[in-house]
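S.K.: Quick one: the structure is below, and I'll ask about it shortly.
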Amino acid sequence: MAVGILEVNLISGKGLKRSDFLAGKVDPYVEIQYKGQTRKSSVDKDGGRNPTWNTRLKWRAEFPGSGADYKLIVKVMDHDTFSSDDFIGEATVHVKELLEMGVEKGTAELRPTKYNVVDSDLSFVGEIFLGVSYSLIQDRGMDAEEFGGWKHSQND
């Protein structure tokens, strides 16, 4: 099993539909989940329907790891000060091939791409622009010889 860093370069959103018509302005942020671990962006209070985050979010990722759900769930939320935050929509980014290539070559990248954001009815509610990379963490463990392997068990 290989261990690496999965990094999302969260760039921007475009045309995000308002979930709460009474609130007026939308204050979007993003929660990204990978295998039960969630990372959260800052709230863009100025961008409205076309936010800019320009932030990087990181996870420790094993491949192959437990389960087969090698995907990022990208939830776009609307921050509300006086009530619970509203769900705008989500996008799914499949990363299995990225992890496979990263394990093979040491690093791999999905260049920044637009992903459709859909609501719970699968209706289009905007776009999100992000890139994803995976880099192996170099193992700083002991060499095989130090474990008392084949060399130590041979008779001279």
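The values are calculated or read from the model by the stated rules, or taken from the named source; none is laboratory data. Remember, predicted model here, so these are calculated numbers, not experimental data. With ideal geometry, Cβ positions are generated from the backbone for all residues, glycine too; neighbour counts draw on all protein chains shown. Accessible surface is based on the protein model in full, side chains and every heavy atom, while ligands, DNA and RNA are left aside. Shrake-Rupley method; radii C 1.70, N 1.55, O 1.52, S 1.80 Å.
S.K.: How many residues are modelled with pLDDT of 50 or more, surrounded by 10 or more Cβ atoms within 10 Å (Cβ to Cβ) and not in a loop (DSSP other than H, G, I, E, B) if we restrict to segment 107-156?
M.R.: The number of residues fulfilling the criteria is 24.
S.K.: In addition: Would you confirm whether any residue within segment 74-91 is buried (at least 17 other Cβ atoms within 10 Å of the Cβ), under 17 Å from the mean Cα position of the chain (by Cα) and outside any strand (DSSP E or B)?
M.R.: Within segment 74-91, not a single residue is buried (at least 17 other Cβ atoms within 10 Å of the Cβ), under 17 Å from the mean Cα position of the chain (by Cα) and outside any strand (DSSP E or B).
S.K.: Continuing with the same structure: Identify the single condition in (1) modelled with pLDDT of 90 or more; (2) assigned to a loop (DSSP other than H, G, I, E, B); (3) under 18 Å from the mean Cα position of the chain (by Cα) that Leu16 does not satisfy, given that it satisfies every other one.
M.R.: Of (1) modelled with pLDDT of 90 or more; (2) assigned to a loop (DSSP other than H, G, I, E, B); (3) under 18 Å from the mean Cα position of the chain (by Cα), only one is false for Leu16: (3).
S.K.: Now a separate question. Out of segment 37-63, which residues are open to solvent by 60 Å² or more (accessible area, probe 1.4 Å), in a loop (DSSP other than H, G, I, E, B) and out of contact with any strand residue (DSSP E or B) (no Cβ under 6 Å at 6 or more places or on another chain)?
M.R.: Listed by number, the residues that qualify are Ser42, Lys45, Asp46, Arg49.
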